1. Exactly one condition in (1) touching a residue at least 12 places away in the same chain (Cβ under 8 Å); (2) open to solvent by 100 Å² or more (accessible area, probe 1.4 Å) is false for ASP17; which is it?
2. Restricting attention to segment 62-85, and to residues there that are in contact (Cβ under 8 Å) with a residue 12 or more places away in the chain and open to solvent by 40 Å² or more (accessible area, probe 1.4 Å), which single residue is farthest from ARG30 (Cα to Cα)?
3. So in segment 78-91, with the set limited to residues that are among the hydroxyl-bearing types (Ser, Thr, Tyr) and assigned to a loop (DSSP other than H, G, I, E, B), which one is nearest to ASN14 (Cα to Cα)?
Amino acid sequence: PTLRKEISEALTRNPLDLREISQLFRIREREVLDHLQHIAKSVHPKKLSMEPAQCKRCGFIFKKRERLSTPSRCPICKSESITPPRYQIIS
C-alpha cells in the first residue's frame with residue numbers, strides 16, 4: 001500500500017497527532033500535513049475528524065480552526081504551550 005493508505009489505516013485505528021504520525025512513518029511533520037490534506041479530500045464517504053488543539057495554560061480550545069497544523073500561540077493568554085490537534089478517520 002501507498003504511504004497515504006498506510007497513514008489512513010493508522011488513523012482509522014487510533015487518533016494521532018502530527019508528531020506521532022511523523023515518528024510512526026519516519027517522515028517530516030511538514031510532509032504529514034501535505035498527506036493529511038490529501039487524505040481529508042479522498043476518504044469520502046468517511047471523514048477526517050480533528051480533535052482541536054488546546055492551550056495548556058488557560059484551556060482555550062481552537063474549535064473554529066480549519067487549518068490542520070498546530071497553532072503557534074494562544075490568542076487569549078499568548079502562551080506557546082499548545083497541545084496539538086489529533087486526527088482520526090471516522091465513518
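1. (2)
2. Taking segment 62-85 as the starting set, the residues that turn out to be in contact (Cβ under 8 Å) with a residue 12 or more places away in the chain are 62, 65, 68-71, 74-77, 79, 81-85.
If we keep only those that are open to solvent by 40 Å² or more (accessible area, probe 1.4 Å) as well, we get 65, 70, 75-76, 81, 83-84.
On the way: ARG65: 18, THR70: 11, PRO75: 23, ILE76: 26, SER81: 19, THR83: 17, PRO84: 14 Å.
It comes out as ILE76.
3. Our first condition is that a residue be among the hydroxyl-bearing types (Ser, Thr, Tyr); within segment 78-91, this holds for 79, 81, 83, 87, 91.
When the remaining residues are screened for being assigned to a loop (DSSP other than H, G, I, E, B), the result is 79, 81, 91.
On the way: SER79: 28, SER81: 24, SER91: 13 Å.
Step by step, filter segment 78-91, then rank; the result is SER91.
The values are calculated or read from the model by the stated rules, or taken from the named source; none is laboratory data. Please read these numbers as outputs of a predicted model, since none were measured by experiment. Positions of Cβ are backbone-derived with ideal geometry, glycine not excepted, and every protein chain shown enters the neighbour counts. What goes into the accessible areas is simple: the full protein's heavy atoms, side chains included, and nothing from ligands, DNA or RNA. Shrake-Rupley method; radii C 1.70, N 1.55, O 1.52, S 1.80 Å.
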